[in-house]
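S.K.: Submitted below is the structure of interest, expressed as structure tokens.
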Amino acid sequence: MRGWPPPVLDPQGPFSNTVTTLAWGLMALMGLIFVLVCAAMWVALYGSDGLRAKLGGERVVKWFGLIVPAGVLFLLLVWSMALVSGLTTIRGDELRMRIAGNIYWWRVSYLDAAGREWLADANELHIPVGQAVVIDMVSEDVIHSFWVPKLGGKMDMIPGRTNRLKLQADKPGVYGGQCAEFCGGAHSLMGFVVVAHDAADWQRWLAARQPPASTTAIKPAPVANTEVERGRRLFGEVGCAACHRIAGTSAQGLSGPDLSFVGARRSLGAGILPNNRGTMIGWIGDSQSIKPNNRMPAYRSLSGAELGALAAYMESLK
Ligand code: CUA
């Protein structure tokens with residue numbers, strides 16, 4: 001996928017900027033201390049007797065073994081606390097979302113000002129450029145960690161807890177993210193993308209996902225395209241609806257990713273494949289080979305034509 005793996009130390013927003021500043025600051029200080037220690041070692045090995053005696057004296061041990069390290073650590077603590085305090089400060093006018101870690105995908109909820117979900121999606125976040133987004137981070141099974149290095153810090157998702165993270169992008173684009181806490185065998189295949197829209201594009205995206213639009217977008221039977229119609233029927237017959245939800249239909253399963261807008265997603269299998277007819281067919285037919293031990297069974301009994309019809313139906317959901 002484009003933008004993969006997500007590059008670190010390449011901030012594209014104010015919050016990741018802070019993290020990068022802290023990282024470079026720590027590295028610079030670490031470099032300085034490393035040089036000083038090397039110099040002291042050189043003196044200890046090759047210095048004159050006078051210098052070596054001084055280096056082994058009580059004063060040097062007291063100052064450089066105790067007082068200076070304690071002072072450096074304290075200043076570092078104050079500096080880093082001041083720097084990162086802005087990463088979790090909520091002003092109240094930010095956009096709100098909730099993301100739930102699941103084995104091995106992300107449930108994405110867009111929230112209104114009162115904290116109610118108005119749109120459900122999965123594995124892809126859409127945000128406007130230049131606006132802070134506050135995300136409630138939760139987990140529905142084990143500990144995961146949400147990380148889009150270019151847009152913000154890293155935040156753990158811990159069962160039974162709600163952590164908060166702020167993201168912001170300064171430029172439109174597609175930014176890669178990755179689960180950053182070992183959560184099982186396919187942990188490294190638990191990615192996602194963040195799509196940052198400019199103002200006009202964001203309004204279009206919002207308009208396309210308002211509740212009335214989502215029910216008209218998913219056309220009730222019969223539709224003009226017979227392959228899509230066949231896929232829609234198969235979706236019910238094969239049992240997909242037990243785990244997946246499609247807004248405006250009888251498919252209301254909640255244990256798997258919401259598919260209401262799956263056709264509009266850039267990636268498939270939580271950030272690991274580009275989303276097109278071919279990868280969708282492969283995923284439905286044998287997701288277990290692509291992402292071992294994910295919770296979706298492999299539908300190896302379906303024929304090529306049936307997989308094609310299901311993929312065509314998925315493609316139509318946008
Ligand atoms: Cu989820 Cu690692």
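S.K.: Identify, please: which residue in region 126-146 is within 16 Å of the ligand (Cβ to nearest atom) and assigned to a strand (DSSP E or B) and is, among those, surrounded by the most Cβ atoms within 10 Å (Cβ to Cβ)?
M.R.: Start the filter on region 126-146 by keeping residues that are within 16 Å of the ligand (Cβ to nearest atom), which leaves 135, 137-146.
Okay, now just the ones that are also assigned to a strand (DSSP E or B), so 135, 137-139, 144-146.
Details: Ile135: 24, Met137: 21, Val138: 19, Ser139: 25, His144: 31, Ser145: 21, Phe146: 26.
Here the answer is His144.
S.K.: How many residues, within region 158-187, are within 12 Å of the ligand (Cβ to nearest atom), assigned to a strand (DSSP E or B) and not polar (S, T, N, Q)?
M.R.: Adding up the residues that qualify gives 2.
S.K.: If we keep just the residues of region 62-116 that are β-branched (Val, Ile, Thr) and in a helix (DSSP H, G or I), which is farthest from the chain's Cα centre (by Cα)?
M.R.: Within region 62-116, the subset β-branched (Val, Ile, Thr) is 67-68, 72, 78, 84, 88-90, 99, 103, 108.
Then keep just the ones that are in a helix (DSSP H, G or I); that gives 67-68, 72, 78, 84.
Numbers: Ile67: 41, Val68: 39, Val72: 34, Val78: 29, Val84: 19 Å.
Checking each candidate, the answer is Ile67.
S.K.: What number of residues in region 155-169 are basic (Lys, Arg) and either free of Cβ contacts under 8 Å to residues at least 12 places away in the same chain or in contact with a helix residue (DSSP H, G or I) (Cβ under 8 Å, 6 or more places away or on another chain) (or both)?
M.R.: Applying the first criterion (basic (Lys, Arg)) to region 155-169 yields 161, 164, 166.
Applying the additional criterion that residues be either free of Cβ contacts under 8 Å to residues at least 12 places away in the same chain or in contact with a helix residue (DSSP H, G or I) (Cβ under 8 Å, 6 or more places away or on another chain) (or both) yields 166.
Residues meeting the conditions: 1.
S.K.: Hey, another quick one. Counting only residues that are of a type in the set (Gly, Ala, Ser) and free of Cβ contacts under 8 Å to residues at least 12 places away in the same chain, which one in region 188-203 is farthest from the ligand (Cβ to nearest atom)? Even if it seems obvious, please write down each step before you answer.
M.R.: Residues of region 188-203 that are of a type in the set (Gly, Ala, Ser), as a first pass: 188, 191, 196, 199-200.
This time we only want the ones that are free of Cβ contacts under 8 Å to residues at least 12 places away in the same chain, so: 188, 200.
Numbers: Ser188: 8, Ala200: 34 Å.
The residue in question is Ala200.
S.K.: May I ask you to list the residues in region 295-310 that are under 25 Å from the mean Cα position of the chain (by Cα) and either modelled with pLDDT of 95 or more or among the hydrophobic types (A, V, I, L, M, F, W, C) (or both)? Spell out how you get there, then give the answer.
M.R.: Of all residues in region 295-310, those under 25 Å from the mean Cα position of the chain (by Cα) come to 295-297.
Hit for region 295-310 is Met296, nothing else.
The values are calculated or read from the model by the stated rules, or taken from the named source; none is laboratory data. This is a predicted model, so every value here is computed, not measured. Quick reminder, even Gly has a Cβ in these numbers, built from the backbone with ideal geometry, and neighbours come from all protein chains shown.
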